[in-house]
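The values are calculated or read from the model by the stated rules, or taken from the named source; none is laboratory data. The structure presented is a predicted model; accordingly, all values stated were derived computationally and were not measured. Cβ placement follows ideal geometry from the backbone for every residue including glycine, while neighbour counts extend to all protein chains displayed. All accessible areas refer to the heavy atoms of the entire protein, side chains included, with ligands and DNA or RNA removed. Shrake-Rupley method; radii C 1.70, N 1.55, O 1.52, S 1.80 Å.
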Amino acid sequence: GREQTTLLTPLLLNFLGYDSVSDMFDDFQDHGKHVPVHAAKLLFEAAAGNDAVALEILTRQGVELGKSAAAVIHKLKMEKDTFDVVLAGSLLTRGDHGWIRSKVEQAVATVAPNATIVPLATEPVVGALWSAMDADGHAVSQDVYDKMRAFRDFEHIKQTTR
């Protein structure tokens, strides 16, 4: 009741399985529960409904990420270089419809006009595997590279127990 109404309230209650904010609050307080990280995807659903609160949160996140990118660019003295700023994480690569990315692009363009913002093309685990193979002296063949590069969504990677 401190802020304006938001679509996030019913979305979160439904997502967590509660009938009211007070029920959710009491249960979380009494049992030390935490909101799951993947609840962040609700921000995009609310923003798509033009929810002012969700849009403000996403805008603020984009501004802060842009400041971080600009700080790294300054620290590395890359202002005049041509390079990619790679966006990673499901919220930036699959959920965002420009709410966050546009703010990152604005901040980066101000300090490094030759930089390009690009989403990560594969899951980070693929890069980790390539690095591990390389560090162990195993060359990544084109066939292996192509097969691993196809994993653009972690949910599609088959899990094994071996």
query: How large is the helix-only mean residue ellipticity at 222 nm for the chain, computed as the sum of -39500 (n - 2.57) over DSSP H runs with n ≥ 4, divided by its residue count, in deg cm²/dmol to the nearest 500?
result: -16000 deg cm²/dmol
task: With a 1.4 Å probe and every protein chain left in place, work out the accessible area per residue of the chain in Å², rounded to a whole number.
output: 70 Å²
statement: In the chain, whole DSSP H helices that both stretch 24 Å or further along their axis by alpha carbon positions and average at least 0.5 on the Kyte-Doolittle scale are 52-75
Most mobile listed residue (Leu87, Leu76, Leu43) in the chain, GNM with C-alpha springs under 10 Å: Leu76
task: Scan (i) 1.32; (ii) 1.03; (iii) 1.14 for the value of Cα Rg over 2.2 N^0.38 Å calculated from this model and give just the label.
output: (i)
- line: Taking only C-alpha positions in the stretch 57-105, Rg and Dmax in angstrom work out to 11.3, 31
message: Using 27 Å as the Cα-Cα cut-off, could you pick out the over-long pairs in Lys80/Lys103; Lys41/Lys67; Lys41/Lys80; Lys103/Lys147; Lys77/Lys103?
response: Lys41/Lys80; Lys103/Lys147
task: State the percentage of accessible surface on the chain attributable to carbon and sulfur atoms; use a 1.4 Å probe and exclude ligands, DNA and RNA.
output: 55 percent
- request: Would you work out which of His97, Leu11, Leu43 lies farthest towards the positive end of the dipole of the stretch 7-119, given +1 charges on the beta-carbon of Lys and Arg and -1 on that of Asp and Glu, about the Cα centre?
  value: His97
query: Amide H to amide H, which residues 5 or more places from Val85 or on other chains are under 5 Å from it, using H placed in the peptide plane?
result: Thr116, Ile117, Val118
statement: With the 8 Å Cα cutoff and a minimum separation of six or more residues, the chain has a relative contact order in percent of 19 percent
field: In the stretch 77-134, the chymotrypsin sites (Phe, Trp or Tyr not before Pro) that fall in loop regions by DSSP, at most 14 other Cβ within 10 Å
entry: Phe83
